[in-house]
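Take this structure first; my questions come after.
The values are calculated or read from the model by the stated rules, or taken from the named source; none is laboratory data. All values reported here derive from a predicted model rather than from experimental measurement. Counting neighbours? That spans all protein chains shown, and the Cβs are built from the backbone with ideal geometry, glycine included. Ligands, DNA and RNA are excluded from the accessible area calculation, which covers all protein heavy atoms including side chains. Shrake-Rupley method; radii C 1.70, N 1.55, O 1.52, S 1.80 Å.
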Amino acid sequence: MVPMVNTPDEAIKIVRSSKYPPQGKRGAGFGFAHDNYINQSPLSYIEKANNSLINIIQIETKQGLENVKEIASVDGVDCLWVGHFDLTNFLGIPGDFNSKIYLNAINKIVIAAKTHNKSLGIMVNNRQELENYSKLGFNMIAVGTEMSILSKSISQILEWFHEQKLGEMSLLKKSTISHRRLAVNKFLKFLKKI
């Protein structure tokens, strides 16, 4: 996955750099960590790598959007990935995913990908976005970041705990130190159960 691709020339350089000769100009080094130290026939490895590598090109700038048809036409570009937040920034509408400007940009990217038989990728944050982008033809979809999923889950747990234990927790303010220790121990035991 390569970010901030703005021109078809950049896309061509990316493809050439990712493929071994004769399709590209990638340097050869086999049997090392990226191959799990397994030695194999270089010719079969090169063929397999050239046929299985996926080049994901991120469309996330105004210039990239303006050139999306030409970028999509490059042989060896496999997927147009929308860097949605960066795209809104460069279009002057930071984070406005309902803006007509953004929706028109998405439509332009979808048309370019479908015209040139490329996959479409994006990251979504909820089920509604997943459904909307799937209907448009996006078939490489990341579902949120680890941190957003983790923080949302923690917030939900704490919200539930606060609702369930508000009465017990308010007792902490009035209790003595020994009672506080007892309450903290009960709280820790409770957390281990969930």
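Residue check: is Thr88 touching a Phe, Trp or Tyr at 6+ places or on another chain (Cβ under 9 Å) and farther than 21 Å from Gly137 by Cβ? Full working, then the answer.
Details: touching a Phe, Trp or Tyr at 6+ places or on another chain (Cβ under 9 Å): yes; farther than 21 Å from Gly137 by Cβ: no.
Against the criterion (touching a Phe, Trp or Tyr at 6+ places or on another chain (Cβ under 9 Å) and farther than 21 Å from Gly137 by Cβ), Thr88 does not qualify.
Looking at the structure I just gave you, is Ala33 over 17 Å from Leu120 (Cα atoms), surrounded by fewer than 18 Cβ atoms within 10 Å (Cβ to Cβ), free of Cβ contacts under 8 Å to residues at least 12 places away in the same chain and among the aliphatic types (A, V, I, L, M)?
On the way: over 17 Å from Leu120 (Cα atoms): yes; surrounded by fewer than 18 Cβ atoms within 10 Å (Cβ to Cβ): yes; free of Cβ contacts under 8 Å to residues at least 12 places away in the same chain: yes; among the aliphatic types (A, V, I, L, M): yes.
Yes.
Taking region 114-141, which residues are within 19 Å of Val77 (Cα to Cα) and of a type in the set (Gly, Ala, Ser)?
Within region 114-141, Ser119, Gly121, Gly137 meet the criteria.
Answer with yes or no whether Asn107 is at pLDDT 80 or above, open to solvent by 60 Å² or more (accessible area, probe 1.4 Å) and closer than 23 Å to Ile71 by Cβ.
Working: at pLDDT 80 or above: yes; open to solvent by 60 Å² or more (accessible area, probe 1.4 Å): yes; closer than 23 Å to Ile71 by Cβ: yes.
Yes; evaluated as a whole, the condition is true for this residue.
Please find, within region 21-42, the residue that is farthest from Val74 (Cα to Cα) out of those that are in a helix (DSSP H, G or I) and within 29 Å of the chain's Cα centre (by Cα).
Quick first cut of region 21-42, residues in a helix (DSSP H, G or I) only: 33-35, 42.
Now narrow it down to the ones that are within 29 Å of the chain's Cα centre (by Cα): 33-35.
Details: Ala33: 31, His34: 27, Asp35: 28 Å.
Once the filter is applied, the top-ranked residue is Ala33.
Against the definition (out of contact with any Pro (no Cβ under 8 Å at 6 or more places or on another chain), under 25 Å from Lys19 (Cα atoms), at pLDDT 95 or above and surrounded by 17 or more Cβ atoms within 10 Å (Cβ to Cβ)), how does Leu120 come out, yes or no? Write out each step before concluding.
Numbers: out of contact with any Pro (no Cβ under 8 Å at 6 or more places or on another chain): yes; under 25 Å from Lys19 (Cα atoms): yes; at pLDDT 95 or above: yes; surrounded by 17 or more Cβ atoms within 10 Å (Cβ to Cβ): yes.
Yes: the conditions hold for Leu120.
Here is a further query. Quick check on this structure: which one of Val74, Val68 is open to solvent by less than 60 Å² (accessible area, probe 1.4 Å), hydrophobic (A, V, I, L, M, F, W, C) and under 17 Å from Arg16 (Cβ atoms)?
On the way: Val68 fails: under 17 Å from Arg16 (Cβ atoms).
Testing whether each residue is open to solvent by less than 60 Å² (accessible area, probe 1.4 Å), hydrophobic (A, V, I, L, M, F, W, C) and under 17 Å from Arg16 (Cβ atoms) leaves just Val74.
Determine whether Ser178 is of a type in the set (S, T, N, Q), open to solvent by less than 80 Å² (accessible area, probe 1.4 Å) and modelled with pLDDT under 60.
Here the answer is yes, as Ser178 does meet what is asked.
Kindly evaluate Leu172 against the criterion of being modelled with pLDDT under 95, farther than 18 Å from Pro3 by Cβ and surrounded by fewer than 16 Cβ atoms within 10 Å (Cβ to Cβ).
Taking the combined requirement at face value, the residue satisfies it.
I need every pair where a residue in region 141-156 that is surrounded by 10 or more Cβ atoms within 10 Å (Cβ to Cβ) has its Cβ under 9 Å from the Cβ of a residue that is in a helix (DSSP H, G or I) and of a type in the set (Ser, Thr, Tyr), sequence separation at least 6 or different chains.
Ile141/Tyr133; Ile141/Ser134
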